[in-house]
Amino acid sequence: MTKFGQIVIGPPGAGKTTYVDGLSQYLSALQRPISRINLDPAADEPPYQPDIDIRDLCTVTDIMEEHSLGPNGAMLFAFEYIDLNFDWLEDKINESDSNYLVFDMPGQVELTTGHISLINILEKLKKKLDCRLVVVHLTDAQSVADPSRYIAVCLLALRTMLALEQPQINVLSKIDTLPRFGDLPFNLDYYTQVQDLDYICDYLNRQRHTQRLEGLNRAICEMVEDFGLVSFETLAVEDKASMTKIVRLTDRVCGYVFQGELAEQDSALSLFTSAMGSLPGEHDMDVQERWLDAREDYDAYEEEMWKEEGELVAKEESERESMSTQNTKQSPQPPSQVTEMRPTVNTFSGAERPTIQTTNRAKS
Ligand SMILES: Nc1nc2c(ncn2[C@@H]2O[C@H](COP(=O)(O)OP(=O)(O)OP(=O)(O)O)[C@@H](O)[C@H]2O)c(=O)[nH]1
Ligand SMILES: [Mg+2]
């Protein structure tokens, strides 16, 4: 059976484990069974219960003790060990019934920028288990507040894409924290689209401490632009619209969209409309507006929507309860239709969405 899924990578603290936890909750609400696979042999207790846990095979602490290695060396050793003992992982995956796998990776960037073990593991997942995975590369959105760090992040994203040779989505995580870092020199879409990096080089040349690196910065930016591979999505893990967009995108990229309900439809048109049509939030919600320009208005609006949704669910629940009490009193009836709780596609599609007077668009 073909398996689909995501392999979640990114520097330490980028939010990988939190995303896997959020994704698992989100997909269970959609009634999509998933296997959560902790591939971090140095993980403390993750907030989710892993269905497969690499720490049952090896832990960084044991490797450090047995082989007198430091934490980074032990992590690379652990991945070589996983590669050699791939059968263990293969058996565990075969035992699980779910055909959607989510891998939570450690934060060591060495693993994703050229170390051969992860490349081998991905190859085996593809060849032996027929896994179609999308790499979700998370980076803390804080990096856009510092232009030189942003350039490094673009370079890392490109390096990872070239090293792993997998379909990859780069994501600026924790976008909800961005207002904490003050006004950005450019609008958010400038950072997500990764175009015209000359502007950022010019900006850095106006800063005293980065002027002397002009040649290096320009060379890196030119290379990133020439490849034309890097762009970023945004993610706030607790925001439903944001998660919806990432799930829809990953489903398309790994091909999951062609499975399940859609695969059963004979209409090629509906299949391709789902695969190629616009994503929720792509046009009608601007991330800059949501998280930077009018955040408080949106937060208040969203709270109101959640309250209404909660009241609706509570009402439905009490109606169901009273119906089932009536049914037990009367003759046996077939079970009543249950309204499924599904995440709303776009929280901000209502007429009452907040309007804002000004944006800082002029900056770019
Ligand atoms: N505000 C906010 N905080 C987040 C978000 N995602 C993650 N965090 C926080 O970021 C911190 C690090 O998150 P983790 O999920 O442990 O990061 P990680 O990438 O798994 O870290 P390592 O496994 O150590 O590399 C935690 O305190 C999370 O609560 C988000 O979308 N918004
Ligand atoms: Mg983690």
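The mean sequence distance of close C-alpha pairs (under 8 Å, at least 6 residues apart), as a share of the length of region 167-257, puts its relative contact order at 43 percent. For T234, nonlocal amide neighbours, meaning residues 5 or more places apart or on other chains whose placed amide H falls under 5 Å from its own, are L172.
Here, P(r) means the percent of Cα pairs in each 5 Å bin from 0 to the largest distance; for region 121-213 it is 2, 12, 20, 19, 16, 11, 8, 5, 4, 2, 0.
Between region 1-79 and region 113-154, the alpha-carbon centres lie 14 Å apart.
Per-residue extension of 0.36 nm, minus the Cα-Cα distance of S68 and D87, leaves a gain of 4.2 nm for this segment. Put simply, region 1-59 fits an ellipsoid with semi-axes of 19, 14, 11 Å; these come from the alpha carbon gyration tensor as the roots of five times its eigenvalues, largest first.
Modelled spin labels at Y203 and A29, positioned 7 Å past Cα toward Cβ, are 3.3 nm from each other. Classified by the C-alpha gyration tensor, region 39-149 has an oblate form. Its axis ratio a/c, with a ≥ b ≥ c, is 1.5 or above, and a/b does not exceed b/c. Within region 38-69, find all residues whose amide N lies under 12 Å from a label point positioned 7 Å from the Cα of E95 along Cα-to-beta-carbon. Label zone hits: 51-54, 56-57.
Sorted fewest first by neighbouring Cβ atoms within 10 angstrom, M323, M161, M105 come out as M323, M161, M105. Neighbour counts of other Cβ atoms within 10 Å put K126, K174, K92 in the fewest-to-most order K126, K92, K174.
Taking other Cβ atoms within 10 Å as a rough exposure proxy, W306, W291, W88 sort from fewest to most as W306, W88, W291.
In terms of distances greater than 25 angstrom between alpha carbons, the cross-link table entries K3/K245; K174/K245; K127/K240 yield K127/K240.
A short reminder: the numbers here are calculations on the coordinates, not readings from a lab. Owing to the predicted nature of the structure, the values given are computational and were not obtained by experimental measurement. No Cβ is skipped: glycine too gets one built from the backbone with ideal geometry, and neighbour counts run over all protein chains shown.
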